[in-house]
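What follows is a set of notes on a single structure, which appears directly below.
The values are calculated or read from the model by the stated rules, or taken from the named source; none is laboratory data. All of these numbers come straight from a predicted model, not from anything done at the bench. Glycine also receives a Cβ, built like all others from the backbone with ideal geometry; neighbour counts cover every protein chain displayed. Heavy atoms of the whole protein, side chains included, go into the accessibility calculation; ligands, DNA and RNA do not. Shrake-Rupley method; radii C 1.70, N 1.55, O 1.52, S 1.80 Å.
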Amino acid sequence: IEKPIEKPIEKPIEKPSTYPWSYSPWIPDFIEEKLRGLAEVREQYRFIDPEAMGNIDWEVTFHSVGDVLRYIPRAIVVGFLAPFPSDWLKEGTSPGGALKRRICGLEMVVVYLSLFFFALTFWRCRRVPLMVVFFFAFLMLLIYALAFPNLGPLYRERYGFLMTLVGLGVGGWHVRVRLGKADKFKGIP
């Protein structure tokens, strides 16, 4: 009786990255690889349409952990607040683009107000479930803002996470209006 020939298990061939990256000795390799992958995604999006009107911080590239860390404050602003008021009245490049920008501006006014009330709710009511939701949404918004140098994909991908915070902000506003006084608002989610 012949034994079947066992084939060795083939591992998938990993394509070596040619993206220039300076590794840091103080960051664990698994974190560094994730950040390098994020930098590669950003680089790919940079060259899809370099002339697009929706590009934001297009010239920013990441080649080390330090580059990513230096960009995080700006990424937080972009992730939560873009498109900015200066973009709301610009002309669009596609048919109906100007109208879309104006509608987006109205939506962002609601987002700004809701985020303000969310901040009040978060400050006044520091409960673990609220903190977990905030930090998860915050992390996802940050990752998307780091990865996408164009407002189109950023706007679409961040939507669910941003709207979760907006919904909590609207809830906080509703409680504040319903109760009417700031001292009664304390401790209510």
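Some notes on this structure:
- Paramagnetic reach from V60 in region 86-126 [backbone N under 17 Å; point 7 Å along Cα→Cβ]: 86-87
- Extension gain from E91 to F136, taking 0.36 nm per residue of separation minus the Cα-Cα distance: 12.7 nm
- Residues whose placed amide H lies under 5 Å from that of S64, excluding near-sequence neighbours: S22
- Applying the criteria of a DSSP loop state and at most 16 other Cβ atoms within 10 Å to the trypsin sites (Lys or Arg not before Pro) of region 19-94 yields K90.
- Accessible solvent surface per residue of region 50-105, calculated while the other protein chains remain in place, 1.4 angstrom probe, Å²: 55
- Long-range HN-HN contacts of N55 with modeled amide H, under 5 Å: L151
- 17 Å reach of a label modelled at V41, 7 Å along Cα-to-Cβ, counting backbone N of region 120-136: 136
- Loop GluC sites (Glu not before Pro), region 30-123 (other Cβ atoms within 10 Å of the site Cβ: 14 or fewer; DSSP): E51, E59, E91
- Rounded, prolate or oblate (a/c below 1.5 giving rounded, otherwise prolate when a/b exceeds b/c) for region 31-145 by Cα gyration tensor: oblate
- Region 61-102 shape via C-alpha gyration tensor axes, a/c threshold 1.5: prolate
- Gyration tensor verdict on region 17-86 (Cα atoms; rounded if a/c is under 1.5, prolate if a/b is larger than b/c, oblate otherwise): oblate
- Sites listed here are chymotrypsin sites (Phe, Trp or Tyr not before Pro) in region 14-63 whose DSSP assignment is loop and whose Cβ has at most 13 other Cβ atoms within 10 Å: Y23, W26, F47.
- Descending principal axes extents, region 86-161, alpha-carbon based, whole Å: 46, 25, 17
- Within the accessible surface of region 14-89, defined with a 1.4 Å probe on protein heavy atoms only, the carbon and sulfur portion equals 63 percent.
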